[in-house]
Structures are given as C-alpha cells and as structure tokens.
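This report refers to the structure that appears directly beneath it.
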Amino acid sequence: MTASPKAYQRGAALPSSNPFQRLAELLADETPGLDPIIMTIGEPQHPIPDFTAEVLAENMASFRRYPPIVGSPEFRETIAAWLDERYNLGGMIDADHGVLPLNGSREGLSFGAIAARDQLDKGIDHPVVILPNPFYQTYAAAAHVADAEAVLLDAVPRNNFLPDLDALEPELLDETVAFYVASPTNPEGFVADIGYWQHLIGLARKHRFYIFADECYSEIYRKTPPPGILEAARAMGGDFSNIIVLNSLSKRSNLAGLRCGFAAGDPDFLRKWAKFRGLAAPQVPLPAQAVAVRAYQDEAHVIENRRLYNEKFEVAERLLGPIMGPVTPQAGFFLWLDIGRWGDSVSVTKDLWRDIGVKVLPGGYLASDQSDGSNPGRSYIRVGLCAPLEQTEIALERLANWLGEKA
C-alpha cells in the first residue's frame, strides 16, 4: 500500500496568500533585466466572440429581471445539447434538472463541497475533501468553507499528473464527501482517460462521495478532444450519479469577465443544490446566459482560439524542446517546465526576472508542502502562453537562451 497522503485540518490547506501575492512579494525589490514580459497570467488574451456585444444589446432589458436560480430554459437546453454532442451522451443529460448556471465555474467549485457534505450527512465532524497537489486554490477554499479536512494527493509525472487513486485507503474514502480533480489538469495540461474516470466513478459510488470534475480547459487541446467524466459514465452503462462536471466560457470563449459557467451531471444532487443556491447564491444575469447560449451554439470561434494557442505551443517546442526535451502538454495554455537542474522554482523565478525580464510563476506556490517536507511543484515553473504570439515568442526565446547558457 502506498503511504497515506498528508491530511490536515480545515484552514491548514490554505496558503497565507495567493500565488500572485506571494510572487509580488518575491519580486518586490527586484528590477527586471530587460523590458518586462509577463508570462504568469492565466487570463485569456485572445479576442472575445464577435457576437458578444450584439447579444448583450439585444438582451439589455433583461437586466431589470431577477433571473431564476436554475437558469433560463434556453440556457439549460443549450448546455445539455452541447454536452450531448461533445461527449456523445445519447441524450442522457436531464436539461430540466441536470444543468445549473453558475457565476463562473469557480462559484460551483467553491461551494460544491458544502452541498456534498450536507447531502451525504456522514455524521463526521470534519469530513474529508480530496484534492490534487498542485491545485487550483479554490479547491482548498472549498474544503475550508465546508469545515472539512483537506487531503492532498501529489500530482507527479509517473501518474500523468493525476491523483493516484490506488494510494487511497478505504477508511479515508469512507470519510470523504468531495473529490476535486481537473482534466485537463491545471497547471500541467495532462488528460484523464476513460479508464481513470471510470475507476474514480467506481470509488465514488462504493464509498459515497461526490466527484467535482473541473473540465474548464476541455476545449483548449492540441489535436485530440479530451474525454470527459460524463462520457466515461455513459460508457459504464449507468447514470450520472455522484458526478458533477463544471465548465465555463472563460477559457473556451475568452469570456472570463462574463462570469458564466455551468454545473451538470447528477440530477438529484443538482436539484437539491439549486434549493440551497436559491437562498445563498447570486443568480446569473439573463443577458450573460443569452451570450452563453450563442457561444455554446458556435464552434468557429473555439476552433480559432485553439489554433492561436497551438501556434504558440509550436514556438515553445521549437525553442525549448532542444534544451528541455518535449514541453508541449496535451491541453491547456500553460507550460509546466521542470527546471530542477537549474535550481528550485523560487530561485529560478527571481533569476529570470532579474536577468531577462520574464515573469513566470513558481510551481512551489501552486502546491503545498507534504508531511515529509516535499513539494511537488518545487522543481517547476508555470509559463502562461496567453500573450500575443510576437510577445510570447520574444519571451520564450529569452527563456531558451537563458536556460541554454546556464545548462
């Protein structure tokens, strides 16, 4: 049996500040060696769909209305149809009860664990929430607000940067209420296959916990569309029980500021969650839902968005590949670079800023230390490829030259 992962009480999983605040403190007294190029940002910089303003203008009057917490029928039907087409679900999505609008997927990720805790009612003072390490900081916040114990599973290359499901002891799973996992993974850009999803679904149903599958990068891939957890569930011949998938327009359509996403899957969970959200959550404005309807009915802008990212990954492979080996992930828009032979992530980040004016994010800031003092992000830097192509190429050329000189 693999050694148990570190578990710690609520709040302990949360760093003292977010990664960008820590980065600002790290570089506060440093001067960039060249004109600065920022490669830390995870905010899409490509154009928004050209129909966005038109749809908003057509629906301006709807800002007078309080939106229904369950969303408009058009929104739910469009999301159900998109999921059905994208993942070949054979009409299994319940458009009335199996889809909910969210104020961006972050809202659902933040508060899903509370609903999971309450609906399962396992009678545990501090139930367990499992998350990968490194992790999107919202997962840790979800454990905190649910008054849960966070258990971190190291995401490392030997497991394709996915949590090792075989490392989980049955007793731990019996105490678990929510399991957070991203595919494509963030920040590494690896993809869970159907077998992985089905293994996790089997554990969730056996031990009674909910899977919160963060699929926000599902449409930013190189060649092959990543399989989704709903697709895996259909292949098992059953239903969507214990599964909640979350996605949004932020990455797919470059509409991060619209704050419009969705949760889909287990209709029984979502029906009860809608009642809770009706008391505690803000509704998604109807004009934003109208934009989402149009966006999920259009793939042309998504194809162009993907092309722009892949163009930059080709540059990254050409410049960095000869020094580091293959660097292109299966999906997402980050490079997760192993810089262990050049130093730890914090020292390399400072040196890159001081020497060549390229700002990256230390991988160690995206992960937490485990009980043995290890940190699975310590040897990595995260480089975002969101900037325009010309600026990205300049930054990557500087980075390649620096790495080559220091090798």
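In this calculation the C-beta distance from residue 354 to residue 279 is compared with R0 = 51 Å, giving a FRET efficiency of 0.50. Just to confirm a number: summing +1 for Lys and Arg and -1 for Asp and Glu over residues other than residue 232 whose beta-carbon lies under 12 angstrom from that of residue 232, what do you get? With Lys, Arg at +1 and Asp, Glu at -1, the neighbours total -2. With R₀ fixed at 51 Å, the C-beta to C-beta distance from residue 193 to residue 58 puts the FRET efficiency at about 0.80. Taking every alpha-carbon pair within segment 208-263, the share separated by more than 12 Å comes to 68 percent. Accessible surface computed residue by residue for segment 279-392, with neighbouring protein chains in place and a 1.4 Å probe, gives 38 Å² per residue.
Evaluated at q = 0.21, 0.28, 0.31 Å⁻¹, the base-10 log of the normalised Debye intensity for segment 260-310, with identical point scatterers placed on the Cα atoms, takes the values -0.88, -1.07, -1.12. In this structure residue 360 has an accessible area near 0 Å², from a 1.4 Å probe over the protein heavy atoms. For the pair residue 235 and residue 304, a Förster radius of 35 Å applied to the C-beta separation gives a FRET efficiency near 0.70, rounded to the nearest 0.05.
Taking all protein chains into account, the per residue accessible area for segment 67-147 stands at 35 Å² (1.4 Å probe).
The alpha carbon convex hull volume per residue for the chain rounds to 140 Å³.
Size of segment 202-349: Rg and Dmax of its alpha carbons, in Å, are 19.1, 55. Take the residue pairs 206/251; 251/275; 251/350; 350/406; 122/272; 206/272 and return only those whose Cα atoms are more than 25 Å apart. From 206/251; 251/275; 251/350; 350/406; 122/272; 206/272, over 25 Å: 206/251; 251/275; 251/350.
Ordering 301, 87, 261 by the projection of their Cα atoms onto the charge dipole of the chain, which places +1 on the Cβ of Lys and Arg and -1 on the Cβ of Asp and Glu, puts 261 at the extreme positive end. For residue 161, the residues whose amide H sits under 5 Å from its own are 156, ignoring neighbours fewer than 5 places away on the same chain, with H placed 1.01 Å from N. Charge tally for residue 301 (other residues, Cβ to Cβ under 14 Å; Lys, Arg +1; Asp, Glu -1): -1.
Centre-to-centre, using Cα atoms only, segment 100-141 and segment 330-407 are separated by 29 Å.
Amide H contacts of residue 104 (H built 1.01 Å from N, in plane; Pro and chain starts excluded): 260, 261 sit under 5 Å, all sequence-distant by 5 or more or on other chains. Helical content of the chain, expressed as a calculated mean residue ellipticity at 222 nm, amounts to -12500 deg cm²/dmol (DSSP H runs of 4 or more residues, -39,500 (n - 2.57) each, divided by residue number, nearest 500). Volume of the convex hull of segment 298-407 (Cα atoms only), normalised per residue: 111 Å³. When the accessible area of segment 136-255 is split by element with a 1.4 Å probe, what percent falls to carbon and sulfur? Carbon and sulfur atoms account for 48 percent of the accessible area of segment 136-255.
The values are calculated or read from the model by the stated rules, or taken from the named source; none is laboratory data. Since this is a predicted model, take the numbers as computed values, not measurements. Because the Cβ atoms are built from the backbone with ideal geometry, glycine has one as well, and the counts that use them run over all protein chains shown. Quick note on the areas: whole protein, heavy atoms, side chains included, nothing else; ligands and nucleic acids left out. Shrake-Rupley method; radii C 1.70, N 1.55, O 1.52, S 1.80 Å.
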